[in-house]
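Notes follow the structure.
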Amino acid sequence: MKALFFDGSLAVKEVPVPEPKEHEVLVRILYSAICNTDLEILKGYMGFHGIPGHEFVGEVVTPGRKLSGRMVVGEINCPCGDCYLCNTGRRTHCPDRSVLGIFNRNGAFADYLVLPEENLHSIPDNLAQTSAVFTEPLAAAVEIFQQVHIRPAQKVFIFGAGKLGLLIAQVFRLNGCNYQVLSRSETSAGKAESMGINAALISTLNDTDKAEVCVDCTGSPEGITIALAHLYPRGKLVLKTTVANPDMIDLNQVVINEVEIIGSRCGPFAPALRLLASGLVDPRPIITATYDFGDILQAFEFAAKPGVLKVLIRH
Ligand SMILES: [Zn+2]
Ligand SMILES: [Zn+2]
């Protein structure tokens, strides 16, 4: 099969079709999407070498299984199922896990992938594949609500109007809270506004503008500092960005203001699929371009350009 392979540089290669283990199934990829994590992997994140890609829609082609012939999306963490963390409801933190296209497991930028069948969710018939491919990042947005009680009467700032910020904002919008997306770029703020999302430029914030909950999804090391500066005492700071620079965080402010910091990563697929299928979250305006798999190297070049949101790959 054809696969995008990263071993310090990116190339499309001919590789063997992966063999599913007993509890796994073979999935033929129909759509995949480029995530910031993929762009970070190319810079050395997680030291990953292999086939990247963790956002996908595909068809289960292994015969005789519960999901055979079904259109599916897949959870990316593959835990051991048997350790202390797995047995205490923290499977996405299993120390022996592999992660699709990120750690110890080949991913979705290929004709086929294998995943444990239990990781897969069949997509509702009425859901377009180009929307379903957003299930994984939308689940990450939903995870915030699994972790933090957002009260509808509260004020929330979401820093960053990128791919993830625009999904997170759509989920906050449903909650009824007084949320605002803050961006450094006029184009991004305008894009958010065009989607019916409350948005403004970070530069318009005064020192006294504060929120009860600040979410950092800027993908930049300074994001956390800015978010912290606009948080009320005893407020909650939710971090969705993995590039935070610890040297830039003034932990004295965390102590003095009794701030709660919540790290947030992968989330539940079922609610994300419900939000997409019902149309309550519409990811389609976030798609900047769709490339054929044959042009995936150009797709990666394009995805790294400033202002580009989601780039889909048609397999
Ligand atoms: Zn992702
Ligand atoms: Zn485990």
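Details
- In segment 264-302, the residue that is farthest from D216 (Cα to Cα) out of those that are among the basic types (K, R) and assigned to a helix (DSSP H, G or I) is R274.
- Residue ID - nearest to I102 (Cα to Cα), chosen from residues in segment 24-71 that are in contact with a helix residue (DSSP H, G or I) (Cβ under 9 Å, 6 or more places away or on another chain) and acidic (D, E): D38
- The set of residues in segment 107-129 that are touching a strand residue (DSSP E or B) at 6+ places or on another chain (Cβ under 6 Å) and within 12 Å of M71 (Cα to Cα) comprises L120, H121, S122, I123, Q129.
- Which numbered condition K21 fails, given (1) farther than 19 Å from F293 by Cα; (2) free of Cβ contacts under 8 Å to residues at least 24 places away in the same chain; (3) charged (D, E, K, R); (4) away from ligand 1 (no atom under 16 Å from the Cβ): (2)
- Residue that is farthest from K163 (Cα to Cα) [pool: residues in segment 52-95 that are of a type in the set (V, I, T) and within 16 Å of ligand 1 (Cβ to nearest atom)]: T92
- Meets criteria (within 23 Å of the chain's Cα centre (by Cα), within 15 Å of ligand 1 (Cβ to nearest atom) and hydrophobic (A, V, I, L, M, F, W, C)) for L39: yes
- Within segment 240-264, if we keep just the residues that are at pLDDT 95 or above and of a type in the set (D, E, K, R), the residue that is surrounded by the most Cβ atoms within 10 Å (Cβ to Cβ) turns out to be E260.
- Among the numbered conditions (1) more than 15 Å from ligand 1 (Cβ to nearest atom); (2) of a type in the set (S, T, N, Q); (3) at pLDDT below 95, the only one that S98 does not meet is (3).
- Of the listed requirements (1) part of a loop (DSSP other than H, G, I, E, B); (2) of a type outside the set (D, E); (3) assigned by TED's automatic domain parsing to the domain that holds T218; (4) free of Cβ contacts under 8 Å to residues at least 12 places away in the same chain, K305 misses just one: (3).
- Helices (runs of 4 or more DSSP H) fully within segment 157-263 counting 3 or more residues that are in contact with a helix residue (DSSP H, G or I) (Cβ under 6 Å, 6 or more places away or on another chain): 163-175
- Qualifying residue in segment 261-282 (condition: touching a residue at least 12 places away in the same chain (Cβ under 8 Å) and over 26 Å from L174 (Cβ atoms)): no
- Looking across segment 176-187 at every residue that is small (G, A, S) and surrounded by fewer than 22 Cβ atoms within 10 Å (Cβ to Cβ), the one that is farthest from E212 (Cα to Cα) is identified as S185.
- Candidate set from segment 101-131 (those that are away from ligand 1 (no atom under 14 Å from the Cβ) and of a type in the set (G, A, S)); member that is farthest from V61 (Cα to Cα): S131
- Pick from segment 90-127, criterion outside any strand (DSSP E or B), within 16 Å of ligand 2 (Cβ to nearest atom) and in contact (Cβ under 8 Å) with a residue 60 or more places away in the chain, ranking: surrounded by the most Cβ atoms within 10 Å (Cβ to Cβ): T92
- Conditions (1) under 22 Å from V308 (Cβ atoms); (2) buried (at least 20 other Cβ atoms within 10 Å of the Cβ); (3) out of contact with any strand residue (DSSP E or B) (no Cβ under 8 Å at 6 or more places or on another chain): number failed by E143: (1)
- If you filter segment 72-89 down to residues that are surrounded by 20 or more Cβ atoms within 10 Å (Cβ to Cβ) and aliphatic (A, V, I, L, M), you find that the one that is nearest to ligand 2 (Cβ to nearest atom) is I76.
The values are calculated or read from the model by the stated rules, or taken from the named source; none is laboratory data. Everything numeric here is computed off the predicted structure, so don't read it as measured data. We place every Cβ from the backbone using ideal geometry, glycine too, and count neighbours over all the protein chains shown.
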